[in-house]
Ligand SMILES: [Zn+2]
């Protein structure tokens, strides 16, 4: 056996009992209790819209057992990641709690002084989006979706939630709806007509004269079509997780190229296969295939992040991660998707 492997093995033997002791010393009761309560309380209030062939209607609540399983799983992963990358977890916590607290306090003040409850209601709804399990899917896929949002689909989930809370804090969000696994925040969105940060979607109401957009089968509504476009971006995020922002997000914001076609294809396809809804975009050829991130993308992100972490802790990890993100985004800016990353 080479010396370095023997050394690594010795290190591992020393490290394992320490890790086990730290793992057992975590306040598991509190962590599990917090995650469970968040799923159950928000799950009780969320009224998702259900897509049918002809319209969308209010759906029943998600299954209680699904909420419990998702809560326990996420509590476990949360504790585990806290031991491995504590600073990253603290940044995530700060990024989630601060904007929510801002929106919530402003909402409470607005209600106390002006009897107006829009900011308060929206702030709670956007926060609930973190724990939204849409009904009507299999037991396992509901849990997978809830867990994946917080693990696989990062950092877009944290950024999307924060962006929504901050816009609502400024009074720009008029309405929040839950549909097909995404939290749609409607209102005056700066810089763009629509943005999708994973399952958090922002859409403008600038071009809507009536309160439409609740029914995504209505192809005459600008807002509904916009939501269907952004759903496509959310599907890219569900599929490609940590690569989403760089593979699709940044190229989409900068060049509006192949990423848009890909999003519209995914949305049309998903709604047609799962709900029998007629496609509206069809901007793709019959032979079109989804452009996914390649194995090389995840390999690059993972090896560079681990190397960065080993070299210089959290700053090293974040630096290496951002460098790779830049490379992936640059290579995808062109007219077609990069075949390597
Ligand atoms: Zn787009």
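Only the coordinates and a few stated rules stand behind these numbers; no lab work does. All figures in this text were calculated on a predicted structure; none of them were measured in a lab. Glycine gets a Cβ as well: all are built from the backbone with ideal geometry, and neighbour counts include every protein chain shown.
Go ahead and set up a Gaussian network model of the chain, Cα springs under 10 Å, then flag whichever of 20, 118, 149 fluctuates most.
Looking only at 20, 118, 149, the biggest GNM fluctuation is shown by 20.
Could you work out how much longer the chain between residue 80 and residue 256 gets when fully extended? Use 0.36 nm per residue separation minus the Cα distance between them, nm to one decimal.
In short, 59.5 nm is gained.
In whole Å, what is the distance between the alpha-carbon centres of segment 68-108 and segment 243-292?
A separation of 31 Å, based on Cα centres.
Among 117, 161, 229, determine the one that fluctuates most according to a GNM of the chain built with springs between C-alpha atoms less than 10 Å apart.
Result: 117 has the largest fluctuation of those listed.
Can you give the angle from 0 to 90° between the axis of helix 258-275 and the longest principal axis of the chain, with both taken from C-alpha atoms, to the nearest 10?
Once rounded, the angle reads 70 degrees.
Picking from 190, 135, 242, which is most flexible by a Gaussian network model of the chain using Cα springs under 10 Å?
190
What order do you get for 270, 233, 150 when you list them from fewest to most C-beta neighbours inside 10 Å? Please report the intermediate quantities before stating the final value.
Working: 270 18, 233 28, 150 22.
Fewest-to-most ranking of 270, 233, 150: 270, 150, 233.
Only bridges with both residues in segment 113-257 count here: give the DSSP antiparallel percent, nearest 5.
Counting DSSP beta bridges with both partners in segment 113-257, the antiparallel share is about 65 percent.
Can you work out the base-10 log of I(q)/I(0) for segment 210-341 at q = 0.12, 0.15 1/Å, using the Debye formula on its C-alpha atoms alone?
One equal scatterer on each Cα of segment 210-341 leads to -0.53, -0.74.
Classify segment 8-58: rounded, prolate or oblate, from the alpha-carbon gyration tensor (a ≥ b ≥ c, eigenvalue square roots; a/c under 1.5 rounded; otherwise prolate if a/b is larger than b/c)?
Values: a/c = 11.87, a/b = 2.62, b/c = 4.53.
Note, shape of segment 8-58 comes out oblate.
Based solely on its DSSP helices, what 222 nm [θ] is calculated for the chain when runs of n ≥ 4 H residues each add -39,500 (n - 2.57) and the sum is averaged over all residues, nearest 500 deg cm²/dmol?
Value at 222 nm, helices only, nearest 500: -21000 deg cm²/dmol.
If each residue of separation counts as 0.36 nm, what is the full-extension length gain between residue 278 and residue 29 once their alpha-carbon separation is subtracted? Walk me through the numbers on the way to the answer.
Working: separation 249, 0.36 × 249 = 89.64 nm, distance 4.82 nm.
Result: 84.8 nm gained on full extension.
When a/c is below 1.5 the answer is rounded, else prolate if a/b is larger than b/c, else oblate, so apply that to segment 111-186 with a ≥ b ≥ c taken from the square roots of the Cα gyration tensor eigenvalues. Don't jump to the answer; show the numbers that get you there.
Values: a/c = 2.95, a/b = 1.89, b/c = 1.56.
Taking the square roots of the gyration eigenvalues as a ≥ b ≥ c, segment 111-186 is prolate.
Can you pull the one-decimal nm distance between simple spin-label points at residue 11 and residue 97, each 7 Å off the Cα toward Cβ?
3.2
Any chance you could give the angle, 0 to 90 degrees and rounded to 10, that helix 156-169 forms with the longest Cα principal axis of the chain?
50
List the equivalent ellipsoid semi-axes of the chain in whole Å, largest first, each obtained as the square root of 5λ for an eigenvalue λ of the Cα gyration tensor.
On the way: eigenvalues 235, 142, 73 Å².
For the chain, the ellipsoid semi-axes come out as 34, 27, 19 Å.
Send over the per residue convex hull volume for segment 72-150, Cα only, as a whole number of Å³.
Spelled out: Cα convex hull of segment 72-150, divided by residues, is 96 Å³.
Only bridges with both residues in the chain count here: give the DSSP antiparallel percent, nearest 5.
70
Using every alpha carbon pair in segment 164-269, what percent of pairs falls into each 5 Å bin from 0 up to the bin containing the largest distance?
2, 13, 24, 26, 20, 11, 3, 0
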